[in-house]
Amino acid sequence: MRNLFVFVEGKEDIIFVKNVIHNIFIKHSINVIPIPYQKTRKHDVINHIKTSKAKNQDYVLLSDLDSHTFPCITSRKDQRIRELDGEITPDKIIIVVEELESWCLAGIDTDIEEYSDFAVPESTDDITKEDFDEILSKTSFNKNKLLNYLSFNFSVGLAIERNKSFKYFLEKYGIF
């Protein structure tokens, strides 16, 4: 079994990676280990990347696109590379379109009774955190409850149909 260190932005992203991404990858003998980077000192993140490279360990950085600030995936990757003093390369950055909440929503199967009150669009590529919160507010779930439920009821098939960046991420690691 090999490890994949996944750098994520925040606390909720860690929960999603632990509860959902890990469960998907472990079936393919890949142990996913989330590492927060948003509130971590840049020096510590750079050192972790350098250590991973030196030990030939796999890693990837997940970053929201934030299209209101960055017009395209390339510009967002370039910004992350600059932030990390060039220690990370574009192939080690996955841009989540639009934000990680779009991946959460993409895997919700409204045929499951608990999720029947979710209004999930055909494509979640343009879903922002605010859109997600609006959809969530019309259900019986709060974000923590949903993130916990998704560990048991996340539909990978629906997620890859609804979100191109999620599909790309899985394809990159040979999962789909």
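Okay, here's what the table says:
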read-out: Of all residues making up region 71-80, the number that are open to solvent by 30 Å² or more (accessible area, probe 1.4 Å) and either of a type in the set (A, V, I, L, M, F, W, C) or touching a strand residue (DSSP E or B) at 6+ places or on another chain (Cβ under 6 Å) (or both); value: 3
read-out: Odd one out for Phe25, checked against (1) in contact with a helix residue (DSSP H, G or I) (Cβ under 7 Å, 6 or more places away or on another chain); (2) in contact (Cβ under 8 Å) with a residue 60 or more places away in the chain; (3) not in a strand (DSSP E or B); value: (1)
read-out: Residue that is closer than 24 Å to Gln38 by Cβ and either at pLDDT 95 or above or touching a Leu at 6+ places or on another chain (Cβ under 9 Å) (or both), where the choices are Ser102, Ser151, Ser155; value: Ser102
read-out: Odd one out for Asp44 among (1) out of contact with any helix residue (DSSP H, G or I) (no Cβ under 6 Å at 6 or more places or on another chain); (2) open to solvent by less than 70 Å² (accessible area, probe 1.4 Å); (3) of a type in the set (D, E, K, R); (4) assigned to a loop (DSSP other than H, G, I, E, B); value: (4)
read-out: Every residue from region 10-33 that is more than 22 Å from Ile108 (Cα to Cα) and under 15 Å from the mean Cα position of the chain (by Cα); value: Ile33
read-out: Matching option when the condition is of a type outside the set (Gly, Ala, Ser), surrounded by fewer than 18 Cβ atoms within 10 Å (Cβ to Cβ), modelled with pLDDT of 95 or more and in contact with a strand residue (DSSP E or B) (Cβ under 7 Å, 6 or more places away or on another chain), among Ile33, Ile88, Ile95; value: Ile33
read-out: Test result for Asp117, exposed (fewer than 13 other Cβ atoms within 10 Å of the Cβ) and touching a residue at least 24 places away in the same chain (Cβ under 8 Å); value: no
read-out: Number of the condition not met by Ser123 [criteria: (1) open to solvent by 40 Å² or more (accessible area, probe 1.4 Å); (2) within 19 Å of Glu12 (Cα to Cα); (3) not hydrophobic (A, V, I, L, M, F, W, C)]; value: (2)
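A quick yes/no check of all residues on (1) open to solvent by less than 30 Å² (accessible area, probe 1.4 Å); (2) farther than 26 Å from Val6 by Cα; (3) among the polar types (S, T, N, Q):
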{"position": "Ile112", "(1), (2), (3)": "no, yes, no"}
{"position": "Phe132", "(1), (2), (3)": "yes, no, no"}
{"position": "Asn144", "(1), (2), (3)": "no, no, yes"}
{"position": "Tyr149", "(1), (2), (3)": "no, no, no"}
{"position": "Phe152", "(1), (2), (3)": "no, no, no"}
{"position": "Leu158", "(1), (2), (3)": "no, no, no"}
{"position": "Phe169", "(1), (2), (3)": "yes, no, no"}
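The values are calculated or read from the model by the stated rules, or taken from the named source; none is laboratory data. Since the model is a prediction, treat every value here as computed from it, not as a measurement. Don't worry about glycine lacking a Cβ; one is built from the backbone with ideal geometry, like all the others, and counts go over all protein chains shown. Heavy atoms of the whole protein, side chains included, go into the accessibility calculation; ligands, DNA and RNA do not. Shrake-Rupley method; radii C 1.70, N 1.55, O 1.52, S 1.80 Å.
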